[in-house]
1. Every residue in the range 561-585 that is among the aliphatic types (A, V, I, L, M), outside any strand (DSSP E or B) and touching a helix residue (DSSP H, G or I) at 6+ places or on another chain (Cβ under 9 Å), please.
2. Those residues that are in contact with a Leu (Cβ under 8 Å, 6 or more places away or on another chain), within 30 Å of Phe459 (Cβ to Cβ) and modelled with pLDDT of 95 or more, I need them from the range 512-545; list them, please.
3. Restricting to the range 1-25, give me the number of residues that are surrounded by fewer than 17 Cβ atoms within 10 Å (Cβ to Cβ), closer than 27 Å to Ser744 by Cβ and among the hydroxyl-bearing types (Ser, Thr, Tyr).
4. Name the one entry in Ala602, Ala529 that is part of a strand (DSSP E or B), over 17 Å from Tyr658 (Cβ atoms) and more than 38 Å from the chain's Cα centre (by Cα).
5. Given Arg603, Arg599, Arg609, which one is farther than 15 Å from Ala673 by Cβ and touching a residue at least 12 places away in the same chain (Cβ under 8 Å)?
6. Scan the range 729-765 residue by residue and report those that are over 27 Å from Phe500 (Cβ atoms) and in contact with a helix residue (DSSP H, G or I) (Cβ under 7 Å, 6 or more places away or on another chain).
7. Out of all the residues in the range 492-510, which are in contact with a strand residue (DSSP E or B) (Cβ under 8 Å, 6 or more places away or on another chain) and open to solvent by less than 10 Å² (accessible area, probe 1.4 Å)?
8. With the requirement that a residue be touching a residue at least 40 places away in the same chain (Cβ under 8 Å), closer than 22 Å to Tyr65 by Cβ and small (Gly, Ala, Ser), what does the range 362-388 give you?
Amino acid sequence: MLKTIASTEYQRRELSLKDLKCCCDADDFTFMDTSELPGLREGIVGQERAVAALKFGLTMAAPGYNLFVVGPVGTGKTTYAVQKVMETAAQKPISDDWCYVYNFQNPDQPLALHFAAGQGHQFRAAMAQLVRELEQELARQFDSEAYHQESDRLLKHYANQAEQVWAQVENAARQLGMALQRTATGVATVPLAANGKPLNAELFEQLPESEKFAFRAHKEHIEELLEETVRQINAIQREARKAQQVLDEKTAAFATQHLFEDLLSQYSEDKVQEFLRRMQADVIGHHQEFHRDTDEDQTAVSQGPELQSGLKARYQVNVLVDRQGHQGAPVIIESNPTYFNLFGKVEYRGTAAGGMVSDYTMVKAGAMHRANGGYLVVQAQDLLTHPASWQGLTRALKNKEIRIEHPAEESNWMVQSGLRPEAIPLHVKVVLIGTPALFHLLFTNDDAFRKYFKVKVEFDAEMERTPESCQKYANFIASFTREQGLPPLTREAVGQVIDFSSRQAEHRRKLSTRFSPLIELVTEASFYAQQAGATRVDVAHVQQARRERMNRSDLIKEKVLEMILDGTIAVETRGAKVGQINGLAVLNSGDFSFGEPHRITARTYAGRRGVVNVERETAMSGQIHDKGLLILSGYVAGEFARNRPLSVSASMVFEQTYSMIDGDSASSTELYALLSSLSGVPIKQGIAVTGSVDQFGDIQPIGGVNDKVEGFFYICQAQGLTGEQGVLIPHQNVAHLFLSDEVSQAVEKGLFHIWPLHTIKEGIELLTGVEAGLEEPYPEGTVFALVEKRLREMEGTEVADKA
């Protein structure tokens, strides 16, 4: 005969209404609505740890102390981090301007020059003005009378020298009866008659052979003299050109000296002065570019940055980073951190011939250049989608410089540009923002991350629910509604929002710090209040917003409920059955989650296979679920096979499941079904179970307890509440209960029940109404006594079969 438990045990063990939720008392607030509140002054609620870490990281100047802001989505980590970065940067000095200029020694390696904030564009303007003044001054000097007189003097001087040398060879030729004639192809020697006139070919042939022979001999001698004369004249011409060049360079130096001295006096930085001196030398060497004829300028052949504007284009200044009008250190938020967006690039332009060319004026800055001397804020998820960007960032932090390169050059021998702009020194504080999973991934797999991101700024997803924190919540709501131009909330409505936050945190003594759902609730409640013509948001509007939001998302819940009611999915909430129990799982559809009951069955028979998990055998269970089943087997063996081997085979299955099963929250449920099958004692189908179990039979907490309880309640409600239905939950999850008003009212009326469990034995008693049996030897008529009896019968059957 079964030893049943008293019916009063169900009432004694169940939870009361006060255990199901924690309602905010509006009388605890001293205001009538949020318009009376000053608003939030601290910037963020419940993140003291993160606030201190962020302050430390932003003010720590040592190398490697970059920040990784980590926390769940919706905690306000990005907004707050950006706000504090802005505030910190505003107190820092303005960073320098950076420019690229032509490198006269290595044209493919543009030089980087830095200037005080706002002086970069001034230097560019000064250089443009310098080029204009050089054109004017050089044109004036080379058009001056003094220059032309000196040039003419040099020309005449060397022309006279050449004429004297030429006259000498002509006189030598005349003395030998010959004349020199200049032709289109050179200089020809012609014999002269006695009267001094040149002989033509016909008359020359009439001369005696002796005279012809003498002429030819004289001709060879004159040609030798002529070659020497030509060499002397060429030397004179070279000296003339050199003298003219010296004159031109002296003239150009005289014309430009005062212009460059003025500019040198304005810029004292050594590198800038060196550039200006090299530029002056280049201008002197190419002075003709400033005063030659227009036609010549248009036909000049040039290279590199002179393709469109002649050699003068190399004197342009490419202002890469311009801080003009800025205040404080820069803060750059890069939303698309591709390699080129971070580190800059060299652009190209098409030519008439169809090719692509580039020069230093087409070097473009990246976010690292603009953030240099300040702060760079990047989402870690966006950064890691571009592997080259992450590698480039850690390389830049390691080398403390920004180098503009093409990432494909590492794997491609063909490069698109021969330009190698000079690297720029890097002084930046990088702030990465991401999830805990990303932080763990980088921390465990990348040594550079641990070295260069030493400050972890961790945002919590919840905080303690205290009167002070509730007041901060109210001030947060006041600030938000004021900023968005929304109507104020009454204190009762604020209480509803705070209760909603506790439900989000799944703990009665906690508040969620994920403010996105809260903001959405306040915004939608304000919408319904405005539609109703109300000047304040009241409780009814908050409740309406929650109902409407659920109605927009719970279609899948209605479909599952419909299939259960029409019998497509078999779930029984009345009667009792052996080896069958209702387990609870959470079905998540993205923006909506709800509890769904699953019929779990167990069959036992003689054998030594132990507990067979059908889902595991069909590869439909996850590792955590398999672990839970092994723990279950360990409990059964430890409880019933202390002195002999366990002779039992059992199969466990989640009926009508066609997708992956994982998690251990149903391990206690499976154990109850197994105990029912072994003992033959039926389980009440109106009671559903959730909770994991350890090898000693102690019940362990699970997640999603509110969704699971409410999910089973709605099934029971749809099939008809009997007053005997309810849910068994781990006792540790009582603090996590924050149930809906419908469930709370049903519990208050005695139509639905919730029982907390500490051990498996407590649970099997409530499920079967039969005592479990506290310890061996188990009293006759208890569940565990019946289980042990059945196991001995199976062992005897096995022994008989062997015999």
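The values are calculated or read from the model by the stated rules, or taken from the named source; none is laboratory data. The structure presented is a predicted model; accordingly, all values stated were derived computationally and were not measured. Every residue, glycine as well, gets a Cβ built from its backbone with ideal geometry; the counts of neighbours run over all protein chains shown. Areas reflect the complete protein model, heavy atoms only, side chains present, ligands, DNA and RNA absent. Shrake-Rupley method; radii C 1.70, N 1.55, O 1.52, S 1.80 Å.
1. Across the range 561-585, the qualifying residues are Leu561, Ile564, Leu565, Ile569, Ala570, Val571, Val578.
2. Answer for the range 512-545, where residues must be in contact with a Leu (Cβ under 8 Å, 6 or more places away or on another chain), within 30 Å of Phe459 (Cβ to Cβ) and modelled with pLDDT of 95 or more: Val522, Thr523, Ala525, Ser526, Val537, Val542, Ala545.
3. Looking only at that region, the number is 3.
4. Exactly one residue qualifies, and that residue is Ala602.
5. Arg609
6. Across the range 729-765, the qualifying residues are Leu757, His758, Ile760, Gly763, Ile764.
7. Listed by number, the residues that qualify are Ala493, Val497, Ile498, Ser501, Ser502.
8. Ala371, Gly373, Gly374, Ala380
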